[in-house]
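The values are calculated or read from the model by the stated rules, or taken from the named source; none is laboratory data. Keep in mind that this is a model prediction, so the values were computed, not measured. Methodologically, a virtual Cβ is constructed for each residue, glycine included, from the backbone with ideal geometry; neighbour enumeration extends over all protein chains shown.
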Amino acid sequence: MKVTVIDYGLSNLLSVTHAFEHFGAEVEVTGDPAAVLKADALVLPGVGAFRDGMQGLEKLDLVGPLREKAAQGTPILGICLGMQMLFDESEEFGYWTGLGLIHGRVVRIPSAAMDGSRQRVPHIGWEPLYPAGGRINFHGTPLEAVTPGQECYFIHSYEALPAADADRLADTVYGGRRICAAVAHGNVYGTQFHPEKSGPVGLSIIEGYLEMCQRQL
């Protein structure tokens, strides 16, 4: 199966590419809008600021093709910054418009925990995943092989707030409060954590996404 990984200048492309190739996927890394429009499955990785990510997509004329592919039902997986850019807007370094594929906004993680103590921002480390959005497990999603409570690797200063609770696929807990860890809206998925850096659990999510994409071909 062929997976198209989008290169817009803010991506950890090597580790993402290797994770998909581990399962035999043919990976095309591209910033070409024409290639994105032809893709059977898309991955939008990313590290850095929301503003810079959206400016990178706009500079390459990738915003329209991504929205078009989402409307066509093409599977899309956003990773870390890539997940945040799936949303309507972000408050990082001002107000910035996102892709609008999932309704909601991205806000800074509070500097105080629920008990009032100071907590570190950015949030960095291994944290457990729990079903969210009314789910009791992850069946029927890329996280299907994940057992609730298994941990993945996070590094982020901003968190996504989906407008619809049903779009929350998984949460984690930081500072005593739940943070959105993964989203699912139709054919659009996202992980705030890095599956490609999360060991066997993360690889199972990569494999789960590939299997879902394969079933749709």
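Quick notes on this structure:
- Restricting attention to the range 117-164, the residues that are buried (at least 19 other Cβ atoms within 10 Å of the Cβ), among the small types (Gly, Ala, Ser) and not in a strand (DSSP E or B) add up to 1.
- Residue count for the range 1-46 satisfying the condition of being in contact with a strand residue (DSSP E or B) (Cβ under 8 Å, 6 or more places away or on another chain) and modelled with pLDDT under 95: 4.
- Index of the failed condition, GLY78 passing every other in (1) farther than 25 Å from GLY199 by Cα; (2) at pLDDT 95 or above: (1)
- Qualifying residue in the range 142-152 (condition: under 16 Å from the mean Cα position of the chain (by Cα) and either farther than 24 Å from PHE23 by Cβ or polar (S, T, N, Q) (or both)): no
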